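The values are calculated or read from the model by the stated rules, or taken from the named source; none is laboratory data. Model, not experiment: these values are computed from the prediction. Here Cβ is always computed from backbone atoms with ideal geometry, including for glycine, and neighbour counts include all displayed protein chains.
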Amino acid sequence: MDTTKHKMTSQFAKDVHEGLSAPQKFLSSRYFYDATGDKIFQQIMAMPEYYLTKCEFEIFNQQKDQILSAINPGSKFNLVELGAGDGYKTKILLEHFLKQEANFEYFPVDISGDVLMTLKTDLNDRFPQLKVTNLNYEYFEALERLNELDDSPKVILFLGSNIGNFTPERAQSFFEKLNKVMRPGDKLLSGIDLKKDPHTILEAYNDPTGITRSFNLNLLKRMNRELGANFVIEDWDHFPTYDPFTGECRSYLMSCKKQDVTIEATGHTYSFRDSEPVHMEISRKYRLDEIEDLAGKTGFEVSQHFTDSRDYFVDSLWNK
Ligand code: AVI
């Protein structure tokens, strides 16, 4: 590795340097989501192999009544969604809650201000009676600010199996931190992908059309554009795996040959062996008993599991 001293100005550059300097190289999947990555992820959610979105959609459609009964405190509540995105599935709940005249306000949380503005405009058009307040902060800061604003009980949504992208240690510390900023009586509804036939899981991350492949490769293109890297995209291959013991789907980008890549923003050149993997993402699957264990360890009490008709996915409701 070239050791030329350069100032690594952005967190992105620092994280990339850390990952590509490690003995087992890695990049963080949080950087997948630039404008192109967001679009590719929309395509992933629409793929027939990517069952996760369809399952959560089915759960909300079929069980919206039961979900409302389970979360409704009977007084005004604040519905807070962590990582709201385009609110595609949440709209089913919002529409139903409004029809049932539930007394609530909606607080979407996202670090992208653009995403939040688009969502708010869309929701104002569709549901003019719904009060929407954007919280353009990191998750925990958003919850702390909301605590200062309003005493109403909170129902926090953390959907789409986003928790699966955390290592088990990070998932545990995430729920512990969440528990600390929640008040007694607050509830958490987490969408979590379940362990199942490993072929079904692997196919969701290895579609024949190559959409997931381009999702991973897009991070190399992003580094070329934003960090002045010189990755040759054709020299990289997408390689997903699934371990049925741990429930971890992992994706790697494999170097197709021995090669060097220089990144201006880090001031370093990185060497890759032929067939050397770079770990990109973990998408962990859980069993219901593992979810219950995680809830108990992090200070929650499981109230109810809402599963789809094939038991592929759960929206698990926890009480603080
Ligand atoms: C956002 N997250 C829950 C997705 C997942 O299933 O882990 C990201 C994804 N990666 C590849 N396909 C979808």
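What about CYS249, is it within 13 Å of the ligand (Cβ to nearest atom) and of a type in the set (A, V, I, L, M, F, W, C)? Spelling it out, CYS249 is indeed within 13 Å of the ligand (Cβ to nearest atom) and of a type in the set (A, V, I, L, M, F, W, C). Here ARG213, ARG225 are screened, and the one residue that is basic (Lys, Arg), more than 16 Å from the ligand (Cβ to nearest atom) and part of a helix (DSSP H, G or I) is ARG225.
Would you check if ALA265 is under 30 Å from ASP65 (Cα atoms) and among the small types (Gly, Ala, Ser)? Taking the combined requirement at face value, the residue does not satisfy it. The criterion of at least 1 residues that are on the phi < 0 side of the Ramachandran plot, among the aliphatic types (A, V, I, L, M) and crowded, with 16+ Cβ neighbours inside 10 Å is met by the following strands (runs of 3 or more DSSP E) wholly inside region 258-320: 259-263, 277-284, 301-307, 313-319. Annotation note: of ASN103, ASN136, ASN147, ASN124, the sole residue that is modelled with pLDDT under 95 and more than 23 Å from the chain's Cα centre (by Cα) is ASN147.
Filtering LEU27, LEU119, LEU68, LEU93 for residues that are under 30 Å from SER271 (Cβ atoms) and of a type in the set (A, V, I, L, M, F, W, C) leaves a single hit, LEU27. Comparison of PHE32, PHE41, PHE57 shows that the only residue that is among the aromatic types (Phe, Trp, Tyr) and either in contact with a Pro (Cβ under 7 Å, 6 or more places away or on another chain) or more than 24 Å from ILE111 (Cβ to Cβ) (or both) is PHE57.
Of all residues in region 194-208, none that is farther than 15 Å from TYR286 by Cβ has its Cβ atom under 8 Å from the Cβ atom of a residue that is modelled with pLDDT under 95 and within 11 Å of the ligand (Cβ to nearest atom), 6 or more apart or on another chain.
If you go through region 14-60 and pick out every residue that is within 16 Å of the ligand (Cβ to nearest atom) and either surrounded by 15 or more Cβ atoms within 10 Å (Cβ to Cβ) or assigned to a strand (DSSP E or B) (or both), you end up with 27. Scanning region 228-241 for residues that are in a helix (DSSP H, G or I) and small (Gly, Ala, Ser) gives no hits. Taking region 93-210 and the strands (runs of 3 or more DSSP E) fully enclosed by it, the elements with 3 or more residues that are touching a Phe, Trp or Tyr at 6+ places or on another chain (Cβ under 9 Å), at negative phi and within 16 Å of the ligand (Cβ to nearest atom) are at 187-193. When region 182-207 is filtered for residues that are closer than 24 Å to TYR88 by Cβ and out of contact with any Asp or Glu (no Cβ under 6 Å at 6 or more places or on another chain), the ones remaining, listed by number, are LYS187, LEU188, SER190, ILE192, ASP193, LEU194, LYS196, THR200, ILE201, TYR205, ASN206. Among the candidates ASN165, ASN124, ASN134, the residue that is touching a Ser or Thr at 6+ places or on another chain (Cβ under 7 Å) and closer than 29 Å to LYS54 by Cβ is uniquely ASN165.
Only one of the listed residues (GLY74, GLY87) is in contact with a strand residue (DSSP E or B) (Cβ under 9 Å, 6 or more places away or on another chain) and modelled with pLDDT under 95. That residue is GLY87.
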